[in-house]
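The structure under discussion appears below in the form of structure tokens.
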Amino acid sequence: MPLAGCSGPLSTLDPAGPSAAAIAELWWAMLAGSIALFGLVMTLLLWTFLRANAHPSSPRPKLWLAGGGLVLPALVLTPLLAYGLLTGERLLAHPRAAEVTRIEVEARQWQWNFRYPAAAGGPRMSVNELHLPAGRPVDLHVGSADVIHGFWIPRLGGKIDAIPGHINVIRLSADRPGVYRGVCAEFCGGGHTAMDFRVEAHSDDSYEDRLRELPRDRP
Ligand SMILES: [Cu+2]
């Protein structure tokens with residue numbers, strides 16, 4: 001199975017949520033576009049080699065230059081750009097009617113602190129372990145206590161920078177309950193490679209139960 005290497009806990013090509021699925025689709029579209037373009041260029045190259053002796057000088061060189069240098073790239077790149085921009089727009093945390101769970105994320109050298117302000121019975125916290133409700137959108141408000149880190153759960157969505165003095169929001173959702181993995185995606189010092197975290201997506205009932213087992217945090 002040639003695509004077996006595409007799975008695994010840190011694979012963007014094994015999406016487990018809508019954001020990651022949109023990114024994976026874009027990746028496949030770009031791969032298909034690049035394969036088509038590569039095939040076309042190689043065909044033209046082969047054609048010039050085969051006909052080099054028959055016609056030493058190319059007929060209408062300006063037409064070839066304009067076609068290959070302007071028209072062809074525009075035809076391939078314009079749809080890819082539009083598709084990329086639309087995908088980016090879909091990934092933003094727009095306000096919407098559905099209930100969104102808020103979780104606060106603080107990166108620091110070298111660990112991840114998670115805070116659940118809306119937990120029943122008061123805010124809870126966890127370290128290097130993120131708990132999500134499966135099947136529901138979650139807005140992660142990501143900041144940093146020291147240097148710039150990168151918050152990334154490859155199977156659930158794209159990366160977002162964790163910047164000191166600034167909060168970035170990323171909306172993610174896990175399709176079904178399960179265990180995923182997150183990492184720091186921005187080199188942040190000696191402990192960077194060990195700065196990973198576990199992600200647990202729970203079914204609706206067990207999510208609140210699991211939060212109740214976590215330590216309390218200040219309101
Ligand atoms: Cu880091």
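None of the figures in this text is laboratory data; all of them are computed from the coordinates on show. Quantities reported herein were computed from a predicted structural model and do not represent experimental measurements. Heads up, the Cβs are rebuilt from the backbone with ideal geometry, glycines too, and the neighbour counts pull from every protein chain shown.
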Inset, instruction - Indicate, rounded to the nearest 5 percent, the antiparallel portion of the DSSP beta bridges found entirely in region 101-212. - result: 65 percent
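Net charge around residue 184, counting only other residues with Cβ within less than 14 Å of its Cβ (Lys, Arg = +1; Asp, Glu = -1)? Please list the in-between numbers first.
Working: positive: 108, 159, 181, 198; negative: 106, 146, 161, 186, 196.
Residues close to residue 184 contribute a combined charge of -1.
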Legend entry - For the chain, built as a Gaussian network whose Cα springs stay under 10 Å, the top-fluctuating residue of 33, 178, 190: 190
Legend entry - Rg over Rh [alpha-carbon atoms, Kirkwood Rh] for region 8-91: 1.18
Legend entry - Rounded to the nearest 20 debye, dipole of the chain from Cβ charges on Lys, Arg, Asp, Glu: 720 debye
Inset, instruction - With no solvent and one equal point scatterer per Cα, compute the Debye intensity ratio I(q)/I(0) for region 64-171 at 0.22 Å⁻¹ and report its log10, rounded to two decimals. - result: -1.23
Inset, instruction - Compute the long axis of helix 72-91 from its Cα atoms, compare it with the longest principal axis of the Cα atoms of the chain, and write down the angle in degrees, 0 to 90, nearest 10. - result: 10 degrees
Legend entry - At q = 0.16 Å⁻¹, base-10 log of I(q)/I(0) for the chain (Debye sum, equal scatterers on each alpha carbon): -1.09
Inset, instruction - For region 157-219, would you read off the P(r) tail past 20 Å as a percentage of all alpha carbon pairs? - result: 47 percent
Inset, instruction - Order the peptides 80-89, 197-206, 143-152 from the highest to the lowest mean number of other Cβ atoms within 10 Å of their residues. - result: 143-152, 197-206, 80-89
